[in-house]
1. So for each of 7-16, 186-195 I average, over its residues, the number of other beta carbons within 10 Å; can you give me the resulting order with the highest mean first?
2. Sort the following peptides by mean Cβ neighbour count (other Cβ atoms within 10 Å, averaged over residues), highest first: 405-411, 105-111, 458-464, 72-78.
3. How long is the gain from residue 584 to residue 568 if the chain were fully straight, where each residue apart is worth 0.36 nm and the alpha carbon distance is subtracted?
4. To the nearest whole percent, what portion of all C-alpha pairs in the range 5-48 is separated by more than 11 angstrom?
5. With 10 angstrom as the radius, rank 146, 667, 643 by how many other C-beta atoms surround their C-beta, starting from the fewest.
6. What translational diffusion coefficient, in µm²/s and rounded to a whole number, does the Stokes-Einstein relation yield for the range 316-499 at 4 °C and a viscosity of 1.567 mPa s, taking the hydrodynamic radius as the Kirkwood radius over Cα pairs?
7. Let me make sure I get this right: for the range 564-666, a, b and c are the square roots of the gyration tensor eigenvalues over alpha carbons, sorted descending. Under 1.5 in a/c it's rounded, otherwise prolate if a/b > b/c, else oblate. Which is it?
8. Relative to the compact globular guide of 2.2 N^0.38 Å, what is the alpha carbon radius of gyration of the chain, as a ratio?
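Derivation of every value follows stated rules applied to the coordinates shown; laboratory data play no part. The model shown is predicted, which means the values in this text are computed figures rather than measured ones. Heads up, the Cβs are rebuilt from the backbone with ideal geometry, glycines too, and the neighbour counts pull from every protein chain shown.
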């Protein structure tokens with residue numbers, strides 16, 4: 001083990017429902033930067049990622065496409081791994097929850113928890129909606145009907161196994177209170193404590209009988225282990241945990257995890273369910289769970305049907321892998337959601353990568369070749385301005401390390417670029433082209449170029465964790481190696497007499513947004529075409545060229561006529577969805593926070609089948625604002641989102657045809 005010890009970190013495992021978009025990819029790139037920097041510092045890192053492959057949604061998708069669930073997840077898991085590899089991520093293990101060793105241990109864990117009384121057999125009992133496959137209490141119904149679909153409900157009962165969450169709740173509360181670093185950022189901790197733990201935990205359903213694509217409970221095979229007990233345990237099963245033994249050397253060395261890096265939408269499962277499972281297994285808790293924010297597309301949420309989803313491979317084709325990594329790492333705040341648009345990527349590419357970094361390296365190598373035949377050698381002809389450059393450069397390592405220690409990766413990469421910014425300023429201050437005109441200043445010119453070359457070498461060494469290919473390309477142009485961590489607080493290690501590359505390589509050529517956007521339009525058109533073909537295969541759209549397809553219409557039973565005054569009682573406005581999450585107790589409902597003018601309303605809608613929470617955020621929608629508030633599945637709803645519905649019951653949100661400000665009246 002290294003002198004700094006081990007560092008075991010994981011990402012959330014990607015759900016194999018489809019190709020990961022750029023927001024999903026952000027997490028693996030963020031994790032990779034952390035893992036690389038920890039290795040750079042001297043830690044022995046074990047970095048695990050992978051895919052979550054069981055569940056009803058996957059079974060249904062596989063059935064619709066006419067293949068087995070295993071064939072379906074094999075295809076999607078392969079695509080996830082391809083994207084992770086494309087983005088040059090240095091994971092040590094890619095896990096799949098369909099792996100036989102994982103499934104075997106999950107069954108053992110389930111039995112162990114059952115035998116010790118933490119899991120018991122019970123039943124969901126209540127009013128059942130058959131189309132929604134959901135149980136409801138009397139208080140959750142709306143006008144005596146299902147709050148999701150409005151259909152009739154009937155008394156019913158479904159057998160299930162439950163985990164006794166309340167047994168460990170007080171112990172978890174104490175742990176969170178005595179380990180302030182456990183949940184980060186702090187706002188996530190406050191949310192978990194105030195919204196879930198302190199009000200009291202209900203027992204958790206950990207098995208299902210309504211679908212079969214899962215790990216069977218070995219002593220009661222009509223049940224399959226429900227998602228969270230299956231998925232979360234990958235963090236221990238895939239490093240060699242044994243429910244009935246000591247486990248592997250890898251497990252004994254690495255557990256507890258030092259960091260679980262996850263999206264903020266699944267923080268509850270990782271900071272409440274997972275710690276309680278571990279307590280029941282008598283295992284130490286992970287040292288830290290970090291719930292990172294989301295990457296949102298500015299102005300409109302990503303949607304396959306609109307053809308505007310951004311994928312990492314498309315970005316890499318247009319900008320390169322490292323430029324894509326740079327945007328993801330630099331543009332995401334520590335706690336708040338980040339914004340991505342194609343135009344913004346081009347802007348950052350030009351301003352930061354082409355101008356600040358690429359131009360700096362190009363100018364420095366070019367001047368060394370022009371004035372000294374490519375040979376770099378310090379002369380000792382120093383001036384006061386040199387001291388400030390050296391101070392900035394040699395202090396950068398500790399600044400970057402401090403930011404990385406807080407997981408403020410965007411701030412850390414900004415500290416690296418502060419080195420390059422200071423180098424550009426140093427060029428302006430010393431004006432090498434002026435020094436070159438005076439033979440008496442030749443020694444000074446040599447010292448200036450040496451200082452620049454040394455500073456860039458240190459900056460590139462710090463950059464490697466974030467933009468690994470670029471860092472090595474810079475080092476190659478300077479004909480040197482990247483520095484070890486321990487060397488970066490010293491200035492002057494670049495070997496005198498080294499000759500740089502004869503011709504500087506352009507690291508990042510400036511882009512013209514007018515040339516990029518037509519290529520983006522082609523990508524989006526192809527996306528939309530692929531989506532429509534996929535929907536046709538699933539029966540969601542008519543076949544191209546089908547008779548009458550273009551003429552499809554729907555006739556509704558007319559309602560009673562209303563007076564104009566009746567219509568004027570309704571207030572319709574444009575709203576912007578700024579946050580959205582699935583309603584826990586419902587399979588159909590999404591809860592959206594909708595900005596309407598200067599106010600925000602919470603609106604619950606039965607559209608979960610047609611939109612993911614991520615797709616909702618950023619959309620401009622039409623809202624019935626003055627609908628009387630009501631509770632759906634126990635969640636307050638303060639309005640209604642307007643949708644269109646086709647003959648098959650498919651829903652589509654209504655949106656203004658042209659850009660409209662939030663709060664605009666619909667009349």
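1. Highest-to-lowest ranking by the protection proxy: 7-16, 186-195.
2. So the peptides 405-411, 105-111, 458-464, 72-78, ranked by packing, come out 458-464, 105-111, 72-78, 405-411.
3. Difference between extended and current length: 2.2 nm.
4. Within the range 5-48, distances greater than 11 Å cover 66 percent of Cα pairs.
5. The order, fewest Cβ neighbours first, is 667, 643, 146.
6. 76 µm²/s
7. Taking the square roots of the gyration eigenvalues as a ≥ b ≥ c, the range 564-666 is rounded.
8. Dividing the Cα Rg of the chain by 2.2 N^0.38 Å gives 1.10.
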